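> Below you will find the structure I want to go over with you.
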Amino acid sequence: MASSGTLKVTTPTDREIAMTRVFDAPRRLVFEAYTRPELLKRWLGVHAGWSLAVCEIDLRVGGAYRYVWRGPDGAEMGMGGVYREIVRNERIVATEKFDQSWYPGEAVGTVVLLEQGGRTTLTMTVRYQSKEVRDMVLKTPMASGVEAGFNKLAELLPTMAQEIK
Amino acid sequence: MAPEQLDATFMALADPTRRAILARLATGEASVRELTEPFAMSQPAISKHLKVLERAGLVSRGRDAQRRPRRLEARPLAEANEWLERYRQFWEGQFQRLDALLEEMKVAEKKPGRRRR
């Protein structure tokens, strides 16, 4: 873990969940890794036999993006959305919705990149519309959403776990 | 863990008084009266919170019929924590892939004449 920080999960508001992580690279590289299909395919959602098979990006405000992952036994999972805000190397705001989502409305994801001394702090915040989102998250860890209790649990459990032992 | 159980756990934990009650019970069982003491709240109000915790399976009642002490049930919390950890690990795995990719990109950038774009 010399080159990177640990992942932190927080809830800035009731409807949001944020993840913060430090990368040992300038933010323009992180921005590229987040917005160029051939680079995204190298890491996003790639795990346990899953690959990012379709990755289409129209990187402009009002432009659409679409991701489709393929997994073992022909399983497929797709999501997509529209870019609302793009500040090159600094900030991306986009809507996001999974194909198999049971919940009404779409979520809004914001990626903010802050660079200091050649290292980049990435904050990914997703704001959800409904409570049902959490149920979906339980079924697929790809969807990053839970309610306020989630983070409170995260704060509470380390101390409690010690006390319980 | 069933999603309903996880819902109930998170719902029960979304309240500061209930979290304080759990923290107190983590130090040992206690009666409703003992649990009420540290709070600026009536006993019925505390009982209401306890009911939510009991329904979520986070708290159970002890054998002593007179005191009816409440006890922390650690298992649902441990299970919720396990799920939370899986979630975190999933994303940490993703970001470790990104770490490796960024290292490659840095190297590629330093090579003269091989800049992308």
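The values are calculated or read from the model by the stated rules, or taken from the named source; none is laboratory data. The structure presented is a predicted model; accordingly, all values stated were derived computationally and were not measured. Note that each Cβ is placed from the backbone with ideal geometry, even for glycine, and that neighbours are counted across all protein chains shown.
> Return the residue satisfying two criteria in turn: it lies in segment A:29-63 and is under 17 Å from the mean Cα position of the chain (by Cα) and small (Gly, Ala, Ser), and of such residues it is modelled with the highest pLDDT.
Going through the qualifying residues, I end up with A:Ala33.
> Let me ask something additional. In segment A:58-75, which residues are surrounded by 12 or more Cβ atoms within 10 Å (Cβ to Cβ) and within 17 Å of A:Phe98 (Cβ to Cβ)?
Correct list: A:Ala64, A:Tyr65, A:Arg66, A:Tyr67, A:Val68, A:Trp69, A:Arg70, A:Gly71.
> Of the conditions (1) closer than 19 Å to A:Val112 by Cα; (2) touching a residue at least 60 places away in the same chain (Cβ under 8 Å); (3) in a strand (DSSP E or B), A:Trp69 clears all except one; give me its number.
Only one criterion in (1) closer than 19 Å to A:Val112 by Cα; (2) touching a residue at least 60 places away in the same chain (Cβ under 8 Å); (3) in a strand (DSSP E or B) is unmet by A:Trp69, namely (1).
> Which ones in segment A:21-66 are touching a helix residue (DSSP H, G or I) at 6+ places or on another chain (Cβ under 6 Å), among the basic types (Lys, Arg) and free of Cβ contacts under 8 Å to residues at least 40 places away in the same chain?
Listed by number, the list holds a single entry, A:Arg42.
> Scanning segment A:10-21 for residues that are surrounded by 18 or more Cβ atoms within 10 Å (Cβ to Cβ) and at pLDDT 65 or above, which turns out farthest from the other protein chains (Cβ to nearest Cβ)?
Within segment A:10-21, the match that is farthest from the other protein chains (Cβ to nearest Cβ) is A:Glu16.
> State which residue is nearest to the other protein chains (Cβ to nearest Cβ) when the search covers only segment A:41-62 and only residues that are in contact with a Phe, Trp or Tyr (Cβ under 6 Å, 6 or more places away or on another chain) and farther than 17 Å from B:Leu98 by Cα.
Applying the filter and picking the extreme gives A:Ile57.
> Tally the residues that are of a type in the set (Asp, Glu) and crowded, with 16+ Cβ neighbours inside 10 Å, restricting the search to segment A:32-57.
1
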